[in-house]
Amino acid sequence: MIRATKVNIQKQIIDAIVSAAEESYDSTGVHIRKMPEYYLNVLIAHSLAKAFPSLGYRLEMPVKEALASLGLEYVQSSSELRDSGRFDVVLTSKKSRKLRHVIEVKRSLNNRQLLKEAKRLKALAMEVHESKRLETGYIAAISRLRNRPRSNNIDQLIDSRMDNIQEYLGQEMIVSCYFETLDSGSVGFPEDEALVIVVFCLQKRELY
């Protein structure tokens, strides 16, 4: 049985989005960035639970409910957590129902949006909840890459986004990512555009 490690979770999220992109185009005739974000949330959660039998999930879980399940009546960073909102996907232990990881899903690599979600995941990681697993969270993002001479190189673009997130969060967090780029013109995209899938992993740094 494959273990639900950080790397395996990231790779499975990518596989789930690739399958979702194919299914979206086959079933609807439009590419996945034209589908509701919730469509991605469902397929990512279902794919992870199928790949890792120990995992369950909650969709659109209210932040206040998540915090209450951790015994947190008072939080240090209410505004950063956006505690009146919801987490896109919360992975849980199927056996104990305890929360394990939060995944936020975005349909772009917009820097402002990524930093907003990164700040939220850091705030959750830094809370006094005694859950080592919740010290690691994920941002799954999809974007289009135009195949033009002056367009950004994908490696440079992702390195730039990672550097921005790392600088924004500071040395209390470690940022890493996996990504995959599909062929231009595939899964419903124009011939000069490709789908890029990126999964950022944000983990609280161990202090010794």
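The values are calculated or read from the model by the stated rules, or taken from the named source; none is laboratory data. Computed from a prediction, not measured in an experiment: that's the story for all the values here. All Cβ positions, glycine included, derive from the backbone under ideal geometry; neighbour counts span all protein chains shown.
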Query raised in the report: Tally time: how many residues in segment 163-208 are assigned to a helix (DSSP H, G or I) and buried (at least 17 other Cβ atoms within 10 Å of the Cβ)?
Result: 2
Query raised in the report: Can you find even one residue in segment 85-92 that is out of contact with any Leu (no Cβ under 9 Å at 6 or more places or on another chain) and either free of Cβ contacts under 8 Å to residues at least 12 places away in the same chain or more than 24 Å from Val199 (Cα to Cα) (or both)?
Result: no
Report summary line: In segment 65-82, residues that are surrounded by fewer than 16 Cβ atoms within 10 Å (Cβ to Cβ), over 10 Å from Met126 (Cβ atoms), within 23 Å of the chain's Cα centre (by Cα) and of a type outside the set (A, V, I, L, M) total 3
Query raised in the report: Out of curiosity, is Arg33 basic (Lys, Arg) and part of a strand (DSSP E or B)?
Result: no
Query - Number of the condition not met by Ala16 [criteria: (1) in contact with a Ser or Thr (Cβ under 7 Å, 6 or more places away or on another chain); (2) assigned to a strand (DSSP E or B)] - result: (2)
**Report entry** Inter-residue pairs, beta-carbon under 6 Å, first in contact (Cβ under 8 Å) with a residue 12 or more places away in the chain and in segment 116-134, second surrounded by fewer than 16 Cβ atoms within 10 Å (Cβ to Cβ), 6+ apart
**Finding:** Ala123/Ser77
Query - Selected residue (only one of Glu135, Glu193, Glu130 is among the acidic types (Asp, Glu) and farther than 26 Å from Ala49 by Cα) - result: Glu193
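With respect to Ile103, is the statement that it is crowded, with 17+ Cβ neighbours inside 10 Å, within 19 Å of Tyr38 (Cα to Cα) and of a type in the set (A, V, I, L, M, F, W, C) true?
So Ile103 passes the test.
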Report task. Identify all residues within segment 1-42 that are within 14 Å of the chain's Cα centre (by Cα), of a type in the set (A, V, I, L, M) and either under 18 Å from Ser186 (Cβ atoms) or surrounded by fewer than 20 Cβ atoms within 10 Å (Cβ to Cβ) (or both); write none if there are none. Result -> Val7, Ile14, Ala16, Ile17, Leu40, Val42
Report task. Scan Glu104, Glu117, Glu80, Glu73 and give me the residue that is out of contact with any Asp or Glu (no Cβ under 8 Å at 6 or more places or on another chain) and either among the aromatic types (Phe, Trp, Tyr) or closer than 19 Å to Met173 by Cβ (or both). Result -> Glu80
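Every residue, every condition in (1) under 22 Å from the mean Cα position of the chain (by Cα); (2) not β-branched (Val, Ile, Thr), yes or no:
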site	(1), (2)
Gln171	yes, yes
Val175	yes, no
Glu180	yes, yes
Ser184	no, yes
Gly188	no, yes
Val198	yes, no
Leu202	yes, yes
Arg205	yes, yes
Query raised in the report: Which one is modelled with the highest pLDDT, of the residues in segment 110-143 that are under 24 Å from Ser96 (Cβ atoms), buried (at least 16 other Cβ atoms within 10 Å of the Cβ) and among the acidic types (Asp, Glu)?
Result: Glu135
